[in-house]
Amino acid sequence: MLGQQSTAEFNGLHVDALQIGQINEMRQGPEIRRKNNCIVNTGGKLTREEVERRRKEHRAKFEVAEDVWTSIVLPRPDNPLVLLDRKREELKSLAKELDDVVARIAAIEQMESLDQVTGTKRPRE
């Protein structure tokens with residue numbers, strides 16, 4: 001989403017990751033190296049002061065207003081145990097459906113083999 005591998009300069013900030021990703025997507029040049037479409041650091045490790053300087057710069061440019069980010073409500077994930085039970089029931093239902101299909105195929109194959117023995121032709125379903 002951010003389009004860069006290192007995110008230390010964004011720690012603690014409330015930013016629109018897609019906006020930063022679009023900006024990083026447009027960045028070009030010989031000093032920009034990408035891996036899997038993400039910008040990677042080709043220089044040495046950033047100093048604490050450099051990270052802080054970039055964080056202040058990003059806060060001024062990209063930080064979302066507090067009333068916006070405090071109003072965002074993330075959906076609560078379902079209880080994993082309930083979700084697991086639902087998936088088990090779905091799996092049982094699919095297994096039963098598969099067994100029914102296999103039985104129907106076996107019946108059709110048996111009828112076809114009997115037809116070959118008796119020389120009878122039946123219309124296909």
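The values are calculated or read from the model by the stated rules, or taken from the named source; none is laboratory data. Note that the coordinates shown come from a computational prediction; the quantities given were computed from them, not determined experimentally. All Cβ positions, glycine included, derive from the backbone under ideal geometry; neighbour counts span all protein chains shown.
The selection criterion, being in contact with a Cys (Cβ under 6 Å, 6 or more places away or on another chain) and modelled with pLDDT under 90, does not hold for Gln28. Looking across region 49-67 at every residue that is in contact (Cβ under 8 Å) with a residue 24 or more places away in the chain and hydrophobic (A, V, I, L, M, F, W, C), the one that is nearest to Thr7 (Cα to Cα) is identified as Val51. Identify, please: which residue in region 15-40 is more than 11 Å from Gly3 (Cβ to Cβ) and touching a residue at least 40 places away in the same chain (Cβ under 8 Å) and is, among those, surrounded by the fewest Cβ atoms within 10 Å (Cβ to Cβ)? Of everything passing the filter in region 15-40, Asp16 is surrounded by the fewest Cβ atoms within 10 Å (Cβ to Cβ). The one condition from (1) at pLDDT 90 or above; (2) touching an Asp or Glu at 6+ places or on another chain (Cβ under 8 Å); (3) not aromatic (Phe, Trp, Tyr) that Gly3 does not meet is (1). Looking across region 70-125, the residues that are farther than 30 Å from Asp16 by Cβ, under 32 Å from the mean Cα position of the chain (by Cα) and small (Gly, Ala, Ser) come down to Ser93, Ala95.
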